[in-house]
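Each remark here refers to the structure printed beneath this line.
Bear in mind these aren't lab numbers, they're just calculated from the coordinates by the rules spelled out. Quantities reported herein were computed from a predicted structural model and do not represent experimental measurements. So basically every Cβ, Gly included, is an ideal-geometry build from the backbone, and we count neighbours across all protein chains shown.
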Amino acid sequence: MASLNAAGYAVSSSMRVVSVDACRPDAASVVEAVRVLRRGGLVVFPTETVYGLGCRALDPAAIARVFAVKGRPPHHPLIAHVGAEAAARELAAEWPAAASRLARVFWPGPLTLVVARAPLVPAVLAGGGPSIALRAPVHPVARALIEELGEPIAAPSANRYQGLSPTRALHAIKQLEGEVDLVLDSGPCDAGIESTVVDVRGACPRVLRPGAVPIAALRVHVPNVEFSAEEIESKEARPAPGMDRRHYAPRASLLLEEGAGPARNSAGELARTHGLVGLVTLEPGHASNDPSRTSCSHAVLERVLPRDPQRYARHLYATLHELDDAGVRTIVVERVPDDEAWCAVADRLARAASKS
Ligand code: TXA
Ligand code: MG
């Protein structure tokens with residue numbers, strides 16, 4: 001049965017939503033979440049990238065429930081979240097020098113490393129494959145949970161398969177309402193886009209998914225890192241299991257247009273036939289300190305996002321969620337610059353726009 005919680009969300013009586021301070025999580029909430037995890041339950045929790053749908057990483061039954069709740073195909077592996085490099089090494093069959101180098105610089109933080117998995121890792125976590133993806137998040141709530149549990153936490157983004165990732169608790173509740181046991185609400189996520197995934201098994205570390213850690217920052221520490229946007233884009237190559245072409249998509253169809261003028265024209269045209277249309281444009285000129293802005297003309301809801309890749313990423317999913325919730329049938333998005341600094345955002349937009 002649905003009821004309203006203290007924050008005004010309609011929630012099912014079997015799912016608790018608890019507000020937790022993002023910087024200083026209170027011990028009682030952390031202990032409650034760990035109790036849920038220990039009995040095989042699912043907890044939505046904040047990370048610095050997006051909200052995760054967490055369970056004990058070494059509990060095959062709980063992992064199976066995560067796959068079922070998400071509607072995720074079984075061959076799409078999950079990331080195991082650990083406190084530090086030492087805990088990650090226990091789950092790895094081999095720990096290459098590049099893994100140490102990257103972990104020492106970027107952990108805790110939004111970088112995921114793919115290594116060969118140790119025999120103790122359940123096959124179901126790895127999607128049946130030979131590897132495991134590991135990351136040590138920096139968000140204090142995520143860290144407190146991992147520390148109190150004393151074990152790794154498996155967590156995909158807390159959305160349904162191919163849906164939009166949640167950067168606020170409400171985005172996760174909307175998609176998973178009543179199917180998880182507890183939601184820890186710590187407000188908006190800082191990065192707003194998922195972690196960068198790097199496979200460190202080969203001679204050269206290879207970026208499988210661009211994300212919150214920029215490629216240029218990786219290159220400073222591992223100059224031979226390989227990244228090919230075309231390869232990641234390609235339907236055939238598909239370098240990582242779970243990197244489906246259509247992913248991160250709003251319910252509305254998403255259309256990419258070159259330049260603010262054409263995007264505005266196309267949104268106007270569509271509004272004449274479709275009714276309400278969403279429009280996402282880039283702030284004109286160079287970066288400023290304004291947060292995202294809003295304007296509404298006729299049946300076009302326009303959102304202006306910052307012309308800075310990190311700040312754009314922080315607002316992207318929240319903006320798409322908001323336009324979806326407003327009931328738009330189409331969202332026209334001005335293409336972002338064709339520049340490596342924008343590759344993570346460009347990747348998510350291309351996948352969200354993909355029909356298959
Ligand atoms: O920021 C993030 O990474 C968030 C937060 C919650 O940590 N998690 C997240 O998980 O985005 P998920 O499951 O939505 O995406 C994980 C991606 C998969 O799509 C897959 O491409 C890659 O990580 N991945 C996971 N395990 C892998 C493996 N063993 N080998 C290669 N890629 C893997
Ligand atoms: Mg995801």
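The set of residues in the range 98-118 being more than 21 Å from GLU48 (Cβ to Cβ) and either in a strand (DSSP E or B) or under 23 Å from the mean Cα position of the chain (by Cα) (or both) consists of VAL115, ALA116, ARG117. Looking across VAL121, VAL66, one residue alone is touching a Leu at 6+ places or on another chain (Cβ under 7 Å), within 12 Å of ligand 1 (Cβ to nearest atom), farther than 14 Å from VAL198 by Cα and assigned to a helix (DSSP H, G or I). It is VAL66.
Quick one: in the range 43-53, which of the residues that are in a strand (DSSP E or B) and more than 8 Å from ligand 1 (Cβ to nearest atom) is farthest from ALA191 (Cα to Cα)? Spell out the reasoning first.
The first filter runs over the range 43-53 and keeps only residues in a strand (DSSP E or B), leaving 43-45, 52-53.
Applying the additional criterion that residues be more than 8 Å from ligand 1 (Cβ to nearest atom) yields 43-45.
On the way: VAL43: 21, VAL44: 17, PHE45: 15 Å.
Per the stated criteria, the residue is VAL43.
Check whether at least one residue in the range 18-37 is surrounded by 22 or more Cβ atoms within 10 Å (Cβ to Cβ), among the β-branched types (Val, Ile, Thr) and within 17 Å of the chain's Cα centre (by Cα), and report yes or no. Looking for residues that are surrounded by 22 or more Cβ atoms within 10 Å (Cβ to Cβ), among the β-branched types (Val, Ile, Thr) and within 17 Å of the chain's Cα centre (by Cα), one finds none in the range 18-37, hence no. The one condition from (1) within 16 Å of ligand 2 (Cβ to nearest atom); (2) touching a residue at least 24 places away in the same chain (Cβ under 8 Å) that VAL225 does not meet is (1). Of the residues ALA133, ALA116, the single one that is closer than 30 Å to GLY202 by Cα, out of contact with any helix residue (DSSP H, G or I) (no Cβ under 9 Å at 6 or more places or on another chain), among the small types (Gly, Ala, Ser) and away from ligand 2 (no atom under 16 Å from the Cβ) is ALA116. Once the range 69-97 is narrowed to residues that are within 18 Å of the chain's Cα centre (by Cα) and assigned to a helix (DSSP H, G or I), the residue that is surrounded by the most Cβ atoms within 10 Å (Cβ to Cβ) is LYS70. In the condition set (1) buried (at least 19 other Cβ atoms within 10 Å of the Cβ); (2) outside any loop (DSSP other than H, G, I, E, B); (3) in contact (Cβ under 8 Å) with a residue 60 or more places away in the chain; (4) touching a helix residue (DSSP H, G or I) at 6+ places or on another chain (Cβ under 9 Å), VAL197 is compliant with all but (4).
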